[in-house]
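One structure below.
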Amino acid sequence: MSVSAGDDIKLGPPHAEDPERLATFQARIDRGELIERDDWMPEDYRLGMLRMAEHHGNSEIMGALPEGEWITRAPNLKRKLALIAKVQDEVGHGQMLYRVVEDLGKTRDEILRDLIAGRTKYHNVFNYPVPTWADVAMIAWLVDGAAIMNQKTLADGSYGPYVRTMKRINMEEAFHFKHGEDMVLTLMSGTPKQKQMAQEAFNRWWPPSVMFFGPPDRKSTQGAMFLRYRLKTTTNDDLRQRFVDRFAPAARALGLRFPGDDSAYRFNPDTGHWTFEQPDWDEFYRVIRGQGPCNERRIALRRFSYEQGAWVRRAILGQLSATAA
Ligand code: FAQ
């Protein structure tokens, strides 16, 4: 079955599936088995996995745009080569994830048309400006760091094709993260001007990175179903806390101050966790609904690529007329 472009996929409670079949399916999930493409699956599982892989694939290809802007302005050859490789990797991840989506019933063209029409989402973080090279460093350190933290848990999920894709992607993201860490370390060991650039970029990227894991659990619309089907294995808030526990001490050790109330960040020996300031959730919802600072610009560029690439798609499908060819 194909999902038509623009179909508003509503994920509700499990619908009228054969209860016995559903129980057998759930038992497979609970035993830790992997579900494969040709296995029977309930409709809400298929649509939920489709939506998650599509959101993920969209994020990968949209995430390549802000970084791609900096390829021509990288500070030296070594950084330029690493950035080119990273951008290629992100687009490659998008390809792999879109294949997972295609197998679940949505065509490539439907995916791309829904993305440029604003009918589907991609990660909040890619709708912010990247005004300096230090922002490129913070994206690779914080955003790739957040992505790895999330995706390591997704690699324990239940849908075989997505799990295998996650394992491959995570290996490449680990390299991106190392590169980001190296760039941030270089800036923080540099001149006062470089340190100031890093601090200003950190102020811009810390709050969206804390939002990266999705809304607080009480506001999560899909969380419970995703956890039951082991499409997700950890809640948004748990992942966010893991991120803060990993990155707050690292930022402090580097000499970075937190935007907002710096004193809100401290280790609590009673809980074993770092405390932190909640980001502005109204801003999160504005951004994911298309009203972030760069949503329009990013989507316009994606639409431009889609339109400019139309003749290539037609040529591949053998649809170019002899004269036009
Ligand atoms: N941004 O009920 P929940 C990368 C939406 S990219 C935008 O909690 P769920 C590449 C959510 O869709 C990494 N929207 O949702 C790179 C839902 O919308 P709905 C991409 C968000 O699905 C790096 C609503 O809010 N990774 O690494 C966000 O349980 C560096 C309610 O939320 C993945 O996509 C958000 N941050 O959890 C490139 C991983 N969070 O359905 C360049 C796979 C939530 O009401 C540089 N996805 N929403 O319309 C997931 O883990 C999950 O789907 C979440 C959301 C965490 C995205």
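Of Ala248, Trp133, Trp281, which is farthest on the positive side of the dipole of the chain, counting Cα position, with +1 on Lys and Arg Cβ, -1 on Asp and Glu Cβ, and the Cα centre as origin?
Trp133
So what is the 222 nm mean residue ellipticity for the chain from helices alone, if each DSSP H run of at least 4 adds -39500 (n - 2.57) and you divide by all residues, rounding to the nearest 500 deg cm²/dmol?
Dividing the helical sum by the residues of the chain leaves -19500 deg cm²/dmol.
For Phe175, what accessible surface area do you get with a 1.4 Å probe? Give it in Å², rounded to 10.
110
What helices does the chain have that are whole DSSP H segments, at least 30 Å long along their own axis by Cα, and with mean Kyte-Doolittle hydropathy of -0.5 or more?
Correct list, ordered by number: 77-103, 160-188.
At a probe size of 1.4 Å, how large is the accessible area of Glu283, to the nearest 10 Å²?
So the heavy atoms of Glu283 present about 50 Å² to solvent.
So if the hydrodynamic radius of the chain is defined as the Kirkwood radius over C-alpha pairs, what does Stokes-Einstein give as its diffusion coefficient at 20 °C and 1.002 mPa s, in µm² per second?
Rounded, D is 101 µm²/s.
For the stretch 138-234, what percent of Cα pairs sit more than 24 Å apart?
When all Cα pairs of the stretch 138-234 are counted, 35 percent exceed 24 Å.
At 1.4 Å probe size, with no ligands or nucleic acids counted, give the accessible surface of Lys152 in Å², nearest ten.
Only protein atoms counted, so the area is about 130 Å².
Taking every alpha carbon pair in the stretch 179-232, what does the distance histogram look like in 10 angstrom bins from 0, in percent?
Computed distribution, short to long bins: 21, 31, 18, 20, 9, 0.
Using modelled backbone amide H atoms (1.01 Å from N, in-plane), which distant-in-sequence or interchain residues come within less than 5 Å of His273's amide H?
Those qualifying (amide H under 5 Å, at least 5 residues apart or on another chain) are Asn268.
Starting from the exponent 0.38 and prefactor 2.2 Å, build the expected Rg for the stretch 142-192 from its residue count and divide its actual Cα Rg by it.
Normalised Cα radius of gyration, the stretch 142-192: 1.44.
May I ask for the Rg/Rh ratio of the stretch 230-325, computed from Cα atoms with Rh as the Kirkwood radius, given to two decimals?
1.27
What whole-number volume per residue, in cubic angstrom, does the convex hull of the C-alpha atoms of the stretch 170-210 give?
So the per-residue Cα hull volume is 57 Å³.
The values are calculated or read from the model by the stated rules, or taken from the named source; none is laboratory data. Everything numeric here is computed off the predicted structure, so don't read it as measured data. Reconstructed Cβ throughout: ideal geometry from the backbone, glycine too, with neighbour counts over all protein chains shown. When the accessible area is computed, the model is the full protein with side chains, heavy atoms only, and any ligands, DNA or RNA have been set aside. Shrake-Rupley method; radii C 1.70, N 1.55, O 1.52, S 1.80 Å.
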